[in-house]
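Okay, structure first, notes after.
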Amino acid sequence: MFKSCAQQLLTASLLMASAATFAEDAPEVVPAVSLSGSLTMATDYRFRGVSMSNRDPAIQGALTFSHKSGAYLSLWASNADVGAGGNVEADFFVGYILPLTEKSFLDINYADVNYPGTIKEFHTDFSEFGVNYNHSDLMIGGDYFTAGVFYSPEFAFKSGTEIYLNTSYKFPVYKNIKLVSSLGYTKLEDNEQFAKAFGGDGQQDDYFDYKIGLGAEVLGLNSELVWIDNNIDNDANIMKGSVVFSLTKPF
């Protein structure tokens, strides 16, 4: 799945690789393929406002192979608990970074999301297509803005078509400390399919999720302390909002 912290690190590293490729006065030879990655430890694994680790801590890792043309291949993994057996999520991404200006680009990608070991009848695996617009220094130096749209022809738990819209913004407030925020909207095929994926009383076919908090870079680590919540009408613990702290080491 697309992850807030890990994905932003991924797109930032890919932007730097693409920018180096398209810079006309670069003194060094840019390698055809470069490797980047990250390791994250978090108090909870949240995906679009919902806990995917049953509110337990998570360890996540990413590896990205990027070509100087802008194409990339990424592998992402985390411990997970989606209530269908199995305890791992393993995702595969393939995409293309399309530079627009020196400070903006499009990330066009396909994601294959897998939960090895889960009961097949639950149909937890799914695929998704996405386009994400990224812009640094949009209003002031040091800020970062994203806006994306994602589509799945058959979402998790075989819950029909899904559309997800998301926007996020990082704003510097003091030295290396930034305000981090995001707002997302999920729309599923109909009420019955929504209840299949998220539970509830069968009255919803969509929901909002949001994140608000602070992020900082210290000693080569990216940290976040945020509140994450949603308006899903379900009292299950995994749906309830919570404070999430994470540390990420990019490499």
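The values are calculated or read from the model by the stated rules, or taken from the named source; none is laboratory data. This structure is a prediction, so every number in the text was calculated from the model and none was measured. Here the Cβ positions follow ideal geometry from the backbone for every residue, glycine too, while neighbour counts run over all protein chains shown.
For segment 71-92, residues that are free of Cβ contacts under 8 Å to residues at least 60 places away in the same chain, assigned to a strand (DSSP E or B) and either touching a Cys at 6+ places or on another chain (Cβ under 6 Å) or among the hydrophobic types (A, V, I, L, M, F, W, C) (or both) total 7. Of everything listed in (1) surrounded by 15 or more Cβ atoms within 10 Å (Cβ to Cβ); (2) more than 19 Å from the chain's Cα centre (by Cα); (3) of a type in the set (A, V, I, L, M, F, W, C), the single unmet condition for Val180 is (2). Close contacts from segment 150-162, counting a first residue that is under 17 Å from Glu89 (Cβ atoms) and a second that is acidic (Asp, Glu) and modelled with pLDDT of 95 or more, with Cβ to Cβ under 6 Å and a gap of 6+ residues or different chains, come to Phe150/Glu128; Ser152/Glu128; Ser152/Glu162; Phe155/Glu162. Selection of segment 159-179 for residues being at negative phi and not in a strand (DSSP E or B) yields Ser159, Thr161, Asn176. Would you confirm whether any residue within segment 123-131 is at positive phi, crowded, with 16+ Cβ neighbours inside 10 Å and either part of a loop (DSSP other than H, G, I, E, B) or modelled with pLDDT of 95 or more (or both)? Yes; the residues of segment 123-131 include at least one that is at positive phi, crowded, with 16+ Cβ neighbours inside 10 Å and either part of a loop (DSSP other than H, G, I, E, B) or modelled with pLDDT of 95 or more (or both).
Can you give me the number of residues within segment 59-70 that are assigned to a strand (DSSP E or B), out of contact with any Leu (no Cβ under 7 Å at 6 or more places or on another chain) and surrounded by fewer than 22 Cβ atoms within 10 Å (Cβ to Cβ)? Don't jump to the end; show me each part of the working.
At the first step, the residues of segment 59-70 found to be assigned to a strand (DSSP E or B) are 59-67.
Filter again for out of contact with any Leu (no Cβ under 7 Å at 6 or more places or on another chain), leaving 59-60, 67.
The next check asks that each one be surrounded by fewer than 22 Cβ atoms within 10 Å (Cβ to Cβ); those that pass are 59, 67.
The number of residues fulfilling the criteria is 2.
Residues of segment 195-209 that are surrounded by 17 or more Cβ atoms within 10 Å (Cβ to Cβ) and within 21 Å of the chain's Cα centre (by Cα): Ala197, Phe198, Tyr207, Asp209.
Within segment 180-233, which residues are out of contact with any strand residue (DSSP E or B) (no Cβ under 7 Å at 6 or more places or on another chain), hydrophobic (A, V, I, L, M, F, W, C) and in a loop (DSSP other than H, G, I, E, B)? Leu219 - this is the single residue of segment 180-233 that is out of contact with any strand residue (DSSP E or B) (no Cβ under 7 Å at 6 or more places or on another chain), hydrophobic (A, V, I, L, M, F, W, C) and in a loop (DSSP other than H, G, I, E, B). Output the residue which, of all residues in segment 240-249 that are surrounded by 14 or more Cβ atoms within 10 Å (Cβ to Cβ) and assigned to a strand (DSSP E or B), is farthest from the chain's Cα centre (by Cα). Among those that are surrounded by 14 or more Cβ atoms within 10 Å (Cβ to Cβ) and assigned to a strand (DSSP E or B), it is Ser242.
This table checks each residue for (1) of a type in the set (A, V, I, L, M); (2) closer than 29 Å to Leu100 by Cα; (3) loosely packed, with under 14 Cβ neighbours inside 10 Å.
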{"residue": "Ser152", "(1), (2), (3)": "no, yes, no"}
{"residue": "Pro172", "(1), (2), (3)": "no, yes, no"}
{"residue": "Gly220", "(1), (2), (3)": "no, yes, yes"}
{"residue": "Ile238", "(1), (2), (3)": "yes, no, no"}
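For segment 112-158, give me each residue that is of a type in the set (Asp, Glu) and farther than 30 Å from Pro172 by Cα. The answer is Asp112, Glu121, Asp125, Glu128, Glu154.
When each of Lys175, Lys187 is tested for being of a type in the set (D, E, K, R), farther than 25 Å from Gly37 by Cβ and without any contact (Cβ under 8 Å) to a residue 24 or more places away in the chain, the lone residue that passes is Lys175.
Scanning segment 74-105 for residues that are aliphatic (A, V, I, L, M), more than 20 Å from Thr248 (Cα to Cα) and surrounded by fewer than 16 Cβ atoms within 10 Å (Cβ to Cβ) yields Val94, Leu98, Leu100.
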